[in-house]
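The values are calculated or read from the model by the stated rules, or taken from the named source; none is laboratory data. The model shown is predicted, which means the values in this text are computed figures rather than measured ones. Cβ: placed from backbone, ideal geometry, glycine included. Neighbour counts: every protein chain shown. For the accessible areas, the whole protein counts, side chains as well, though only heavy atoms, and no ligand, DNA or RNA atoms are used. Shrake-Rupley method; radii C 1.70, N 1.55, O 1.52, S 1.80 Å.
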Amino acid sequence: MGINVIKNAVQIDDTHQKRVNTSVDDNPTEVELEGVTLRYIFTRSKYNYDKGDGNPLIYAMKGLNGFNIVPVYRKKVLERCATIVGKMLIEADVIVPVPSGNGFCLEIAEIVAGVTGLPLVAPDFIRKKTFTEMYAQYGTLPSGLIPAEAAEYKSQLRLWSTASGEKSVIMKMISPKIRHLLDPFTRSDVPTGLEDMRVVLVDDLLSSGSSLLGAARVSTTVGASSVSGVCFMSALAN
């Protein structure tokens, strides 16, 4: 099952796998991301007129960027999502959604929890860093950046230093060119009860991996014995 996009309306098409492969036979896939086992429900690929690192399907599922999907297609995507999750060998104790301002990540986490029968734990122990915290941690330009990365990094530093310092960072507002250099999360004061627990983090879309890896580091800090991940949609295939 691939997708067609007609005037920002996303349609499911079982005759091809363009943009996103949601085949039950081909999925899930699995990768290692800096020591974290990560399972992808669906696999996305570049397409000749897509822009950025997103995908029209996930934008439509989340109701973003003007994209939309009719309820029957949305239901079909989620049903296939649950079927593929059922093929995953998940050995864990709890399911935790990666903190997000959009409810779609939680929706996918609820599917994973429902299929596996594992409890869903709110990510209250993970807090987004403020602009002040990000500037304090990343205020020095890293060495070895190419010019395009350096320009984006300097622009980000200017924003953090001049805007409200208590504003929380939003990774999707940061250029994909430098996201891999930044960790947006820190530990909150909320008790977790996750000591010695095997945690599965659920994210909607893998871009640079910085959000998921940041959440994994916080999970380890609060005592999780192991951390793995499930993503609704994969990183872009080469």
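Values computed for the structure shown
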{"read-out": "Identity of the residue in region 214-238, surrounded by fewer than 24 Cβ atoms within 10 Å (Cβ to Cβ) and touching an Asp or Glu at 6+ places or on another chain (Cβ under 6 Å), that ends up farthest from ASP93 (Cα to Cα)", "value": "GLY214"}
{"read-out": "Matching residues, region 24-36, being surrounded by fewer than 15 Cβ atoms within 10 Å (Cβ to Cβ) and not charged (D, E, K, R)", "value": "VAL24, GLY35"}
{"read-out": "Residue selected from region 181-211 under the condition open to solvent by 20 Å² or more (accessible area, probe 1.4 Å) and within 20 Å of GLY103 (Cα to Cα), by the criterion modelled with the lowest pLDDT", "value": "SER207"}
{"read-out": "Restricting region 18-56 to residues that are closer than 16 Å to CYS81 by Cβ and of a type in the set (S, T, N, Q), the residue that is modelled with the lowest pLDDT", "value": "ASN55"}
{"read-out": "Qualifying residues in region 142-175 (those that are within 23 Å of ARG127 (Cα to Cα), under 25 Å from the mean Cα position of the chain (by Cα) and in a helix (DSSP H, G or I)) - the one modelled with the lowest pLDDT", "value": "LYS172"}
{"read-out": "Number of the exception - ILE178 against (1) farther than 18 Å from LEU205 by Cβ; (2) open to solvent by less than 70 Å² (accessible area, probe 1.4 Å); (3) among the β-branched types (Val, Ile, Thr)", "value": "(1)"}
{"read-out": "Filter pass, GLU107 being closer than 29 Å to THR192 by Cα, assigned to a strand (DSSP E or B) and modelled with pLDDT of 90 or more", "value": "no"}
